[in-house]
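Worksheet: the structure to be examined is printed underneath.
The values are calculated or read from the model by the stated rules, or taken from the named source; none is laboratory data. A quick note: this is a predicted structure, and the numbers were derived from the prediction, not measured. So basically every Cβ, Gly included, is an ideal-geometry build from the backbone, and we count neighbours across all protein chains shown. Just so you know, the surface numbers come from the protein's heavy atoms only, side chains and all, with ligands and any DNA or RNA stripped out. Shrake-Rupley method; radii C 1.70, N 1.55, O 1.52, S 1.80 Å.
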Amino acid sequence: MLSVRNIQKSFGALEVLKGIDLKVEQGDVVAILGPSGSGKTTLLRCMNFLETADGGELIFDGETYAFGHVHKRDIAKIRQKTAFVFQNYNLFLNKTALQNVTEGLIVGRKMPKAQAMEIGKKALAKVGLADRVDFYPDQLSGGQQQRVAIARALALHPDILCFDEPTSALDPELTGEVLRVIRELAEQRTTMIIVTHEMAFARDVADQVIFMDGGVIVEQGDAHQVIEHPREERTRQFLARYSEG
């Protein structure tokens, strides 16, 4: 469904991605783990063209795109099939939950308002917020705001849903409600790529886990195998530090 070949990215003299290969099949949940600064978020952002990669190829739905030379219309076409959920929600504070969900449909996709409202209400119901459609972000908890952000992504009916540490801005007690929604999406075989620091969640929900460090993939494979029985010493060190914490 989606492959990345030899993706490279530097910020000045700092080489952040050193030739990463990644493949995602339809219905797969891929979790990307790694310490801060390992390149995992940059990888996800480059795949969605939120950052411009310096080199490599993206193969998506049978078409190949060179990262360094992608036309704007191709980026727009790819974004029609993908959606991104950010760490910090990125909601419009002056719009209700429903308006936040429908904005991309009405403005970006020129959808009639009535149709967008119907899709938006269904998306909010899917994440357990049917009773919060008219609430503004400051009337919602952090977990509810992140669920609005997930509903906004789901409303676009993407082929691939990308999450960048979706619980990192949440208090521990609010993390569960967001992970529960993502777990339900995984059970429905929604194709997802998730950058996360929730190790038990990744083990239980992901099909494939990728562990990154220093801009390279150190280890990848079946989620249970990588997290419960890692082969690489660096992976073992990282997971041991997390279990100690």
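The figures follow:
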{"item": "Filter result for Leu129 (surrounded by 19 or more Cβ atoms within 10 Å (Cβ to Cβ) and farther than 30 Å from Asp54 by Cα)", "result": "yes"}
{"item": "Hits in the stretch 198-245 (condition: at pLDDT below 95 and of a type in the set (Gly, Ala, Ser))", "result": "Ala200, Ala240, Ser243, Gly245"}
{"item": "Those residues of the stretch 202-226 which are open to solvent by less than 40 Å² (accessible area, probe 1.4 Å), out of contact with any strand residue (DSSP E or B) (no Cβ under 6 Å at 6 or more places or on another chain) and free of Cβ contacts under 8 Å to residues at least 40 places away in the same chain, in sequence order", "result": "Gly221, Gln225"}
{"item": "Lone unmet requirement of (1) open to solvent by 40 Å² or more (accessible area, probe 1.4 Å); (2) touching a residue at least 24 places away in the same chain (Cβ under 8 Å) for Lys23", "result": "(2)"}
{"item": "Helices (runs of 4 or more DSSP H) enclosed by the stretch 129-245 - at least 2 residues per element that are farther than 28 Å from Gln80 by Cβ and basic (Lys, Arg)", "result": "233-244"}
{"item": "Neighbours by Cβ (under 7 Å, 6+ apart or cross-chain): first from the stretch 140-156, in contact (Cβ under 8 Å) with a residue 60 or more places away in the chain; second open to solvent by 10 Å² or more (accessible area, probe 1.4 Å) and part of a loop (DSSP other than H, G, I, E, B)", "result": "Gln146/Tyr89; Gln146/Leu170; Ala149/Phe86; Ala149/Tyr89; Ala149/Asn90; Ala149/Leu91"}
{"item": "Residue in the stretch 64-86 that is buried (at least 19 other Cβ atoms within 10 Å of the Cβ), in a helix (DSSP H, G or I) and at pLDDT below 95 present", "result": "yes"}
